[in-house]
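The values are calculated or read from the model by the stated rules, or taken from the named source; none is laboratory data. Keep in mind the model is a prediction, meaning the values are calculated, not measured. Because the Cβ atoms are built from the backbone with ideal geometry, glycine has one as well, and the counts that use them run over all protein chains shown.
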Amino acid sequence: MSAAEKIRCDACPVLCYIAKGRTGACDRYANVSGELTRVDPLVVIEEAQDKGTPLVPFAGRADWDGGIVKPGGTFVTAIGAGTTYPDYKPAPFIVSSQVEGVDMVTVVSEAIFSYCGAKVKIDTDRHLGPERSLVRCQGEPVGHVTSGEYGSQMLSLGGVHHLTGGSKKEGRVTCDTLMDLCNRKAVEMTIDEGATIVVEAGRAPVVNGERETRMRVGCGSATIGMFARQWFEHVDEVVVVDDHITGVLSEHQAGKVLGVRDTGIKIRGRKSTPGRYFQVAEPGTGWGGTNISDPLSILREFDPKHAWPGLTLLMVSTTGDHYAYYMLDEDLKPVEQKLPARLRLSVERIQENCEPALCSVLFIGGAGGSLRAGVTENPVNLTRSVKDMLTLVSSGGAPVYVWPGGGITFMVDVTRMPDNSFGYVPTPAIVAPIEFTLRLEDYRLLGGHMADVVKLEDVTGVERRTVSPARDNPWPMAHRNFRW
Ligand code: SF4
């Protein structure tokens, strides 16, 4: 095939030469009969009759020509819109429409993010790995374990150092990992000195081959506080085993207020405040996120001054997944007994109060100066307009959180976005949709590319995929999103 039959794609710095009938390196652009063509349809959200309908395709792939457009009820996302490069060129679509009598404009672009990543929240008590440990995919470092949150372990994945600062393979694998996670695919990762996990946005995590079901009801101390009244007078002592804060009923403030008698129990670990112990064991995937399988291993000998034969003891984890019931014998040694029915209810109540364990994936990206140039000739004006609540940022029509401070660094929950919102280019970088919506007059004032504004109903000849708004997603064109 001669070079003459190839066309050059200029949508990213790779500048592929694409032969007829073939796609470029990212599979997003193709040479269709000599025309450079974005192969995925443009995703459009239309307010459905049934506002509860989730983001599902209902029109399939259809050409926009002849389609009924409902200005105000139609939102053009950046998914499938394409990219312009270099960035001084206007964004691919700058679409105007009237919403409740106000002229609005939405500027859409599939942005190429070299500075981006994913923040992943994994609802589990199990220890996944020490903080700062590397998270690997296919053996390549793609991120690290960061500070745990209440009932969840957190990962910070991607970022410019993994995308561009390591080996070529590290960059490629990081890019693939981010794209798959953000497109809600299941991804297996390993953590140095830790667990093997499978993460899929909106689904329960799998830790070392076991699917997690519940996140904990609270820390051990909180669990004592919540259930003290249900244990009082049914059992002499309760220990809620937790890697972070193990709770002991008789010593805890809740037990004191209820008048629970001293039991002479002694707990290994570091006492924080009465009835609250840190570091009773090492972190792990056993009881309450510790490494123990035998709960008695966190107890020392009972104090004979206070303990008595026949003393009853319930030990339970923060999810109620693990529990055991004991009675002290004549030598004050705990002997395991069948859990009485009166206590079974309290264990079931702990389980019932645990929410389902899920993985949450938030894409984070920074709309850099160059991306902003596709919106306005004076990029800093866009940042100011966003901070002034004159411009709404969305990603695939989903609401985003814009970080305070400089730039437009945003986070978006990928489960609120249409399917396959993310792509990549082999630089490597992630391609993610970003839309800026504002009043047409405000767009003119911030130095927008007014000559490139097209009316929604005049956007024809574009293949589109129409989806309904996601449940709970605010409508991006609604007045309440803006300061005016
Ligand atoms: S990688 Fe994709 S966007 Fe970049 S030049 Fe090649 S075909 Fe175009």
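Based on this model, can you work out whether Gly129 counts as in contact with a Gly (Cβ under 9 Å, 6 or more places away or on another chain), modelled with pLDDT of 90 or more, in a strand (DSSP E or B) and away from the ligand (no atom under 16 Å from the Cβ)? So Gly129 fails the test.
In region 385-409, of all residues being in contact with a helix residue (DSSP H, G or I) (Cβ under 9 Å, 6 or more places away or on another chain) and among the hydrophobic types (A, V, I, L, M, F, W, C), the one that is surrounded by the fewest Cβ atoms within 10 Å (Cβ to Cβ) corresponds to Met389. Please verify whether region 297-316 includes one or more residues that are more than 19 Å from Ala222 (Cβ to Cβ), touching a His at 6+ places or on another chain (Cβ under 8 Å) and among the hydroxyl-bearing types (Ser, Thr, Tyr). No, region 297-316 contains no residue that is more than 19 Å from Ala222 (Cβ to Cβ), touching a His at 6+ places or on another chain (Cβ under 8 Å) and among the hydroxyl-bearing types (Ser, Thr, Tyr).
Here Ile191, Ile224 are screened, and the one residue that is of a type in the set (Val, Ile, Thr) and more than 25 Å from Leu339 (Cβ to Cβ) is Ile191. Of the residues that sit in region 190-200 and are among the aliphatic types (A, V, I, L, M) and either more than 17 Å from the chain's Cα centre (by Cα) or surrounded by 23 or more Cβ atoms within 10 Å (Cβ to Cβ) (or both), which one is farthest from Leu134 (Cα to Cα)? By that ranking, first place goes to Val199. Taking the criterion of being surrounded by 15 or more Cβ atoms within 10 Å (Cβ to Cβ) and part of a strand (DSSP E or B), the residues of region 221-280 that qualify are Glu237, Val238, Val239, Val240, Val241, Thr246, Gly247, Val248, Ile267, Arg276, Tyr277. For region 56-99, taking the residues that are surrounded by fewer than 22 Cβ atoms within 10 Å (Cβ to Cβ), aromatic (Phe, Trp, Tyr) and modelled with pLDDT of 70 or more, the one that is nearest to the ligand (Cβ to nearest atom) is identified as Tyr85. Checking Ala111, Ala91 one by one, the residue that is part of a strand (DSSP E or B), within 23 Å of Tyr401 (Cα to Cα) and either hydrophobic (A, V, I, L, M, F, W, C) or in contact (Cβ under 8 Å) with a residue 24 or more places away in the chain (or both) is Ala111 and no other. Pairs linking a residue in region 260-271 that is closer than 14 Å to Ala307 by Cβ to a residue that is of a type in the set (Val, Ile, Thr) and surrounded by 13 or more Cβ atoms within 10 Å (Cβ to Cβ), with Cβ atoms under 7 Å and 6 or more positions apart or on different chains, are Ile265/Val248; Ile267/Thr246; Ile267/Val248; Ile267/Val280; Ile267/Ile298. In region 123-135, the residue that is surrounded by the fewest Cβ atoms within 10 Å (Cβ to Cβ) out of those that are within 18 Å of the chain's Cα centre (by Cα) and not hydroxyl-bearing (Ser, Thr, Tyr) is Asp123. Residues that are touching an Asp or Glu at 6+ places or on another chain (Cβ under 6 Å) and more than 16 Å from the ligand (Cβ to nearest atom) within region 430-446 comprise just one, Leu440.
Residue selection: Arg203 fails the criterion of being assigned to a loop (DSSP other than H, G, I, E, B) and crowded, with 24+ Cβ neighbours inside 10 Å.
Quick check, is Gly148 in a strand (DSSP E or B) and buried (at least 21 other Cβ atoms within 10 Å of the Cβ)? No. Only residues that are within 16 Å of the ligand (Cβ to nearest atom), within 16 Å of the chain's Cα centre (by Cα) and not polar (S, T, N, Q) were counted across region 375-429, and they come to 1. Could you say whether any residue in region 423-440 is charged (D, E, K, R) and touching a Lys or Arg at 6+ places or on another chain (Cβ under 9 Å)? No: zero hits.
Scan region 1-15 for residues that are near the ligand (Cβ under 6 Å from one of its atoms), modelled with pLDDT of 90 or more and farther than 10 Å from Ala30 by Cα and the total you get is 2. On inspection, Asp176 fails the criterion of being part of a loop (DSSP other than H, G, I, E, B), acidic (Asp, Glu) and either modelled with pLDDT of 95 or more or in contact with a Lys or Arg (Cβ under 8 Å, 6 or more places away or on another chain) (or both). The residues of region 16-48 that are more than 8 Å from the ligand (Cβ to nearest atom) and assigned to a loop (DSSP other than H, G, I, E, B), listed by number, are Ala19, Lys20, Gly21, Arg22, Ser33, Gly34, Val39, Asp40, Pro41, Glu47, Ala48.
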